[in-house]
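First the structure, in the form of structure tokens, and then the observations on it.
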Amino acid sequence: MTSYAHGVIDHPESNRKTDYLYRISIKGVILNDVGDILLVKESGRNWWDLPGGGMDHGEDIKTALAREMKEEVNLTGDFSYKVVHVDDPTELKDAKVLQVRLIFIIKPEIMEFSPGNDSDEIAFIPLEQIKEVDMSKYEYLKMVMGSFQSNT
């Protein structure tokens, strides 16, 4: 772990270990009827990613997923969700925080999407084309997609 990240709580007066506070990142995997995955280009970015973002302090998971999916892909209506992957904590050097990313499979009741306020483009992309998309910043996405391909 890093010693310069925000959210580090030392306990020098006791034998207690140092506590590290984490930013929680949530990402949603939404598949259509034929198994294509919904990806988003967030505003100001030139790469594709799963829709999602940071969980706000005090939010529960479903509220955070609903907010992020609305902001990026205009998800409306109810949905079910299940965690499918949890990354090991990583250091985000630019923000000086430690992050844990949770990836969920999301099954919306209404399968209608459009770019939200925080995105420029959205698209359903066939899983076999994931390797053709520039995912260099998000190796985790290739790993998650590999697990879906092996189950289909």
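The values are calculated or read from the model by the stated rules, or taken from the named source; none is laboratory data. Just so it is clear, the structure is predicted and the values come from calculations on it, not from any experiment. Quick reminder, even Gly has a Cβ in these numbers, built from the backbone with ideal geometry, and neighbours come from all protein chains shown.
Can you confirm whether residue 72 is modelled with pLDDT of 90 or more, of a type in the set (D, E, K, R) and within 13 Å of the chain's Cα centre (by Cα)? Spelling it out, residue 72 is indeed modelled with pLDDT of 90 or more, of a type in the set (D, E, K, R) and within 13 Å of the chain's Cα centre (by Cα). Before we move on, is residue 62 at pLDDT 95 or above and basic (Lys, Arg)? Judged against the criteria, residue 62 is a match. When residues in the range 44-91 are screened for being touching a residue at least 60 places away in the same chain (Cβ under 8 Å) and in contact with a Ser or Thr (Cβ under 6 Å, 6 or more places away or on another chain), 1 of them pass.
The residues listed here are 100, 8, 84; of these, the one that is of a type outside the set (S, T, N, Q) and under 20 Å from residue 127 (Cβ atoms) is 84. Listed by first and then second residue, the pairs linking a residue in the range 14-25 that is closer than 12 Å to residue 57 by Cα to a residue that is of a type in the set (S, T, N, Q) and in a strand (DSSP E or B), with Cβ atoms under 8 Å apart and 6 or more places separating them unless they lie on different chains, are 22/99; 23/99; 24/99; 25/99.
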